[in-house]
Amino acid sequence: MKNHPIALASFLAAAALLPAPSAAQSYPSRPVKIIVPAQPGGGLDLIGRTIGGELGRALAQSFIVENISGAGGSIAAMAAARAAPDGYTLMVGYVGTHGTNPAVRKLPYDAIKDFTPIAMVGGTPNVLVLNPSVPATDLKSFVEYAKKNPGKLNWATGGVGLLNHLALEQFRAAAGLEAVYAHYRGIGPAITDLLGGQTHVLMPGLAAALPHIRAGKLRPIAVTGLKCHPLLPNLATFEEQGYKGFVGVQWYGIVGPAKLPAEITKRLNAEINKSLASPALRERLSGEAIEPMPMAPEEFGAFMRADIARWTALARERHISLDD
């Protein structure tokens, strides 16, 4: 019996020399929640459920989507920011929650400091479309027509301060055009009135506009990004038509609360990037015109900071604020 303390001490000393399992090796040991800042359906929900399914298969654990809508994504963002940084609460962060919203309104969260960037998933460009009654087929002819006919065109947006509004303002500033805006509550009603001829100019995400473009009911004249989109290979970019800096996209990624362990972040990033290389996943994302944009966590963080800076500068220049 007297030898027991010595034996115990020897055992503990030997155990201390054994490599302890890392957080990443044991993660995830229970279901993981992915917060989607929108109601079921649409691009955000697609990303959450698609990436959740991919991670579930790769990591042999359940990834459960929780839809939290309201306040432009702020309610969902706060829920994610306040969660324990253990990898069991993730969020679909996108251009709204981590790009344009910080540029045009005061938020109850810091889009950079309160989150850990995990992985960029992909993005869809914005496309400048016209009602076919407008006699223009490219940016040059459109600008000429707009300047010769001041006040004749009605410009539409899906809402003040959203990406489709800010992108139009970026173009309007670059081209020196005046505009009379009709701000709608969502891109759907804006497209409906554009189709009906009540408005003439809109710059939605490609996924929303594509069916109407293919049907010949809307005329595309330019697309954002640095290269032509594969779904519209003959449509020139803004860059190709002489307007530089039009790189904004409707992007989607996965974020977690601040101070997420680096090992967990890297493991999730690796699995998501591996999935993005899959032809099957690429085909599924193409249904929303989303092109994969794999990045390392550090790259994704830098991308978000640059996006916020871009839209903040534009919003200040054009005096766009939802707090006024």
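The values are calculated or read from the model by the stated rules, or taken from the named source; none is laboratory data. Given the structure is predicted, the values throughout are model-derived calculations rather than measurements. Neighbour counts are summed over all protein chains in view; Cβ atoms, including those assigned to glycine, are modelled from backbone coordinates with ideal geometry. What goes into the accessible areas is simple: the full protein's heavy atoms, side chains included, and nothing from ligands, DNA or RNA. Shrake-Rupley method; radii C 1.70, N 1.55, O 1.52, S 1.80 Å.
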For Leu168: the one exception among (1) out of contact with any helix residue (DSSP H, G or I) (no Cβ under 9 Å at 6 or more places or on another chain); (2) open to solvent by 30 Å² or more (accessible area, probe 1.4 Å): (2)
Answer residue from the range 59-115, given it is open to solvent by 50 Å² or more (accessible area, probe 1.4 Å) and part of a helix (DSSP H, G or I) and is nearest to Val249 (Cα to Cα) among those: Ala71
Qualifying positions in the range 188-213 - in a helix (DSSP H, G or I) and either farther than 22 Å from Lys152 by Cα or among the polar types (S, T, N, Q) (or both): Gly188, Thr192, Leu206, Ala207, Ala208, Ala209, Leu210, Pro211, His212, Ile213
Scope the range 36-58; condition open to solvent by less than 30 Å² (accessible area, probe 1.4 Å), in a loop (DSSP other than H, G, I, E, B) and either in contact with a His (Cβ under 8 Å, 6 or more places away or on another chain) or not hydrophobic (A, V, I, L, M, F, W, C) (or both); matching residues: Pro37
Meets criteria (among the small types (Gly, Ala, Ser), in contact (Cβ under 8 Å) with a residue 12 or more places away in the chain, outside any loop (DSSP other than H, G, I, E, B) and farther than 20 Å from Gly287 by Cα) for Ala146: yes
Considering residues of the range 127-142 that are under 20 Å from Gly225 (Cβ atoms) and in a helix (DSSP H, G or I) only, the residue most open to solvent (accessible area, probe 1.4 Å): Lys140
Residue in the range 183-199 that is open to solvent by 40 Å² or more (accessible area, probe 1.4 Å), of a type in the set (Ser, Thr, Tyr) and in contact with a strand residue (DSSP E or B) (Cβ under 7 Å, 6 or more places away or on another chain) present: yes
Residue match in the range 203-213 (condition: touching a helix residue (DSSP H, G or I) at 6+ places or on another chain (Cβ under 7 Å), open to solvent by 10 Å² or more (accessible area, probe 1.4 Å) and more than 30 Å from Pro297 (Cα to Cα)): yes
Residues that are free of Cβ contacts under 8 Å to residues at least 40 places away in the same chain and under 30 Å from Gly52 (Cα atoms), drawn from the range 299-324: Ala302, Ala306, Ala309
